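> One structure, pasted below without further comment.
The values are calculated or read from the model by the stated rules, or taken from the named source; none is laboratory data. Predicted model, so just to flag it, every value in this text is computed and none were measured. Here Cβ is always computed from backbone atoms with ideal geometry, including for glycine, and neighbour counts include all displayed protein chains.
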Amino acid sequence: MTAAAIPTLSDLRRSLAEAALRAGPAASGRISLGVPSLDAALNGGLARAALHEIHAAEPADLAAATGFALGLALRGGQEQEQGEASGRPILWVRQDFLDAETGRLHAPGLSELGLDPARLLLVRARDGEGVLRAGAEAARCPALGAVLIEPWGEPRPFDLTASRRLALAAEGSGVPVLLLRVAAREAPSAARTRWQVRALASQALEANAPGAPAFSLRLLRQRGGAAEREWRVEWDRDRRSFAERSLFDRTDRLAPRTDHAAPLSCPLVPLSGDGQVAADGRDTGLRRAG
């Protein structure tokens, strides 16, 4: 799919309106994460028509937090489309500063995680205010599989009122809204859940090949439910599902992993080091807005 530029907010609104006409009503209910203990703690899964906050424990954990957020988006879109790989588009609103700080999104890396870049509509905004404004517009569109909003730090316009606006938009459209926070403190918000994500080293496969992306999840807050629980999980790209992290070596299920069997690191969403989407300048398949 060729890139589709949407340079202004009015163009974004028109594009979302057209998509809504083509799509059916959004699904409701909950999103199963694929880990029984995790789904049980969430009363059956993550609430779909709600706002959820995902915090990177440290700036270095941004890739892990991003991978978890994309996993949630993929789970939601997959179930909404009854398991079809195509699914509804995912709209990602990202602040420009992140490109300079962490690098631009890398389409092959997204594919490795299980996301077809053709499903991604990327909106880039100059500042936090623009990110929140575009995210609120997108959150009202029932044609989307998920909305991922990624400001840098603590934008001044984001307060309890702004978070309530996002939560109400999610409830009205039935679309999960995932607020990805990096370099930000915890603060009161209308989010249904709040997560802290840390990167874990992957467990090596045969021939010492890198294993599945893995991370530590901590449920910091859950409105109306239990919180302060932790899980270690992996992401299965083929099944587009989370799985509980095994406490045993893959080569010996009965023996605990030893220190000399060093795991390999595996970033969840590879980013280009030179700040470009593709080093050779070829079309990556990402759909860009802004």
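> Scan the range 72-91 and give yes if some residue there is within 13 Å of R240 (Cβ to Cβ), buried (at least 18 other Cβ atoms within 10 Å of the Cβ), touching a residue at least 60 places away in the same chain (Cβ under 8 Å) and basic (K, R), otherwise no.
Within the range 72-91, one or more residues are within 13 Å of R240 (Cβ to Cβ), buried (at least 18 other Cβ atoms within 10 Å of the Cβ), touching a residue at least 60 places away in the same chain (Cβ under 8 Å) and basic (K, R).
> Could I ask something else about it? Go through the range 99-138 and count every residue that is part of a helix (DSSP H, G or I) and of a type outside the set (S, T, N, Q).
23
> Go through R22, R14, R48, R30 for me and flag whichever is more than 21 Å from R232 (Cβ to Cβ), at pLDDT 55 or above and surrounded by fewer than 13 Cβ atoms within 10 Å (Cβ to Cβ). Lay out the reasoning, then the answer.
Details: R22 fails: at pLDDT 55 or above; R48 fails: surrounded by fewer than 13 Cβ atoms within 10 Å (Cβ to Cβ); R30 fails: surrounded by fewer than 13 Cβ atoms within 10 Å (Cβ to Cβ).
Criteria check complete, one pass: R14.
> Let me ask another. Only one of P151, P157 is closer than 29 Å to A60 by Cβ, at pLDDT below 95 and surrounded by fewer than 22 Cβ atoms within 10 Å (Cβ to Cβ); which?
Selected residue: P157, the only one of P151, P157 that is closer than 29 Å to A60 by Cβ, at pLDDT below 95 and surrounded by fewer than 22 Cβ atoms within 10 Å (Cβ to Cβ).
> Hey, can you tell me all the residues within the range 142-179 that are in contact with a strand residue (DSSP E or B) (Cβ under 8 Å, 6 or more places away or on another chain), among the hydrophobic types (A, V, I, L, M, F, W, C) and over 16 Å from A191 (Cβ atoms)?
L144, W152 - these are the residues of the range 142-179 that are in contact with a strand residue (DSSP E or B) (Cβ under 8 Å, 6 or more places away or on another chain), among the hydrophobic types (A, V, I, L, M, F, W, C) and over 16 Å from A191 (Cβ atoms).
> Could you give every pair whose Cβ atoms fall below 6 Å, whose first residue belongs to the range 50-65 and is touching a residue at least 40 places away in the same chain (Cβ under 8 Å), and whose second residue is assigned to a strand (DSSP E or B) and of a type in the set (F, W, Y), counting only separations of at least 6 or pairs across chains?
The qualifying pairs are I54/W195; A64/F215.
> May I ask you to say which residue of A73, A69, A63 is touching a Gly at 6+ places or on another chain (Cβ under 8 Å), at pLDDT 85 or above and assigned to a helix (DSSP H, G or I)?
Working: A69 fails: touching a Gly at 6+ places or on another chain (Cβ under 8 Å); A63 fails: touching a Gly at 6+ places or on another chain (Cβ under 8 Å).
Checking each option against the conditions leaves just A73.
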